[in-house]
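Below you will find the structure I want to go over with you.
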Amino acid sequence: MKREETIDYNIKAAWHGISRMYNQQALKYKGTMSIGFALLNIHAKEGTPATKIGPMMGLEPRSVTRLLSSMEEKGLIYRQTDKLDKRCVRIFLTKEGCKIKRSRKKQFYGLMKSYAKKFQTRNSMFF
């Protein structure tokens, strides 16, 4: 069996293409795909516990720490100790973070619709 015929190769190739597409879009706004996904996963009003962000995005704690530090430096988020559990730190979006989240959300859904149409057209013989 050729490697191109295996499911894992095709999944990896698809993910690489999707990742490249998102990063190209994110670079237009001086961001990254990771920042965009993090913004989408942070609850705007209640905040999100820092420990929940990694599992939602499939990232290790070390990577989450770097990502959050980068986002904090860019003025997209701020950290606040949870009022009920002082051991927990919640991540909140700043006004700028909320603004970018709204625009990225619209972009994301627009891209998904566009690529879904392309996929259906190209692969109509499979449906």
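If you check A14 against the conditions, is it surrounded by 12 or more Cβ atoms within 10 Å (Cβ to Cβ) and small (G, A, S)?
no
Which one of these does A26 not meet: (1) free of Cβ contacts under 8 Å to residues at least 12 places away in the same chain; (2) crowded, with 17+ Cβ neighbours inside 10 Å; (3) out of contact with any Ser or Thr (no Cβ under 7 Å at 6 or more places or on another chain)?
Only one criterion is unmet by A26, namely (3).
Counting just the residues of the range 70-81 that are part of a helix (DSSP H, G or I) and of a type outside the set (A, V, I, L, M), which one comes out farthest from I42 (Cα to Cα)?
This residue is E73.
Which residue out of L84, L67 is surrounded by 15 or more Cβ atoms within 10 Å (Cβ to Cβ) and either in a helix (DSSP H, G or I) or at pLDDT below 90 (or both)?
Being surrounded by 15 or more Cβ atoms within 10 Å (Cβ to Cβ) and either in a helix (DSSP H, G or I) or at pLDDT below 90 (or both) holds for just one of L84, L67, which is L67.
When you check S34 against the structure, is it in contact (Cβ under 8 Å) with a residue 24 or more places away in the chain, of a type in the set (S, T, N, Q) and either within 20 Å of L93 (Cα to Cα) or surrounded by 16 or more Cβ atoms within 10 Å (Cβ to Cβ) (or both), yes or no?
Yes: the conditions hold for S34.
This table checks each residue for (1) assigned to a helix (DSSP H, G or I); (2) at pLDDT below 70; (3) closer than 18 Å to M21 by Cα.
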position: I91; (1), (2), (3): no, no, no
position: E96; (1), (2), (3): yes, no, no
position: Y109; (1), (2), (3): yes, no, yes
position: Y115; (1), (2), (3): yes, yes, yes
position: M125; (1), (2), (3): yes, yes, no
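Can you confirm whether L40 is closer than 26 Å to W15 by Cα, of a type in the set (A, V, I, L, M) and at pLDDT below 90?
Yes, satisfied.
Report every pair of residues separated by at least 6 positions or lying on different chains whose Cβ atoms are under 8 Å apart, first residue within the range 79-108 and within 22 Å of T51 (Cα to Cα), second acidic (D, E) and part of a loop (DSSP other than H, G, I, E, B).
The qualifying pairs are C88/D82; V89/D82; R90/E46; R90/D82.
Please count how many residues of the range 37-57 are farther than 24 Å from R87 by Cβ and surrounded by fewer than 18 Cβ atoms within 10 Å (Cβ to Cβ).
Going through the range 37-57 one residue at a time, the tally reaches 1.
The values are calculated or read from the model by the stated rules, or taken from the named source; none is laboratory data. This one's a predicted model, so the numbers in the text were calculated from it and none came from an experiment. Cβ sites come from the backbone with ideal geometry, for glycine too, and all protein chains shown count toward neighbours.
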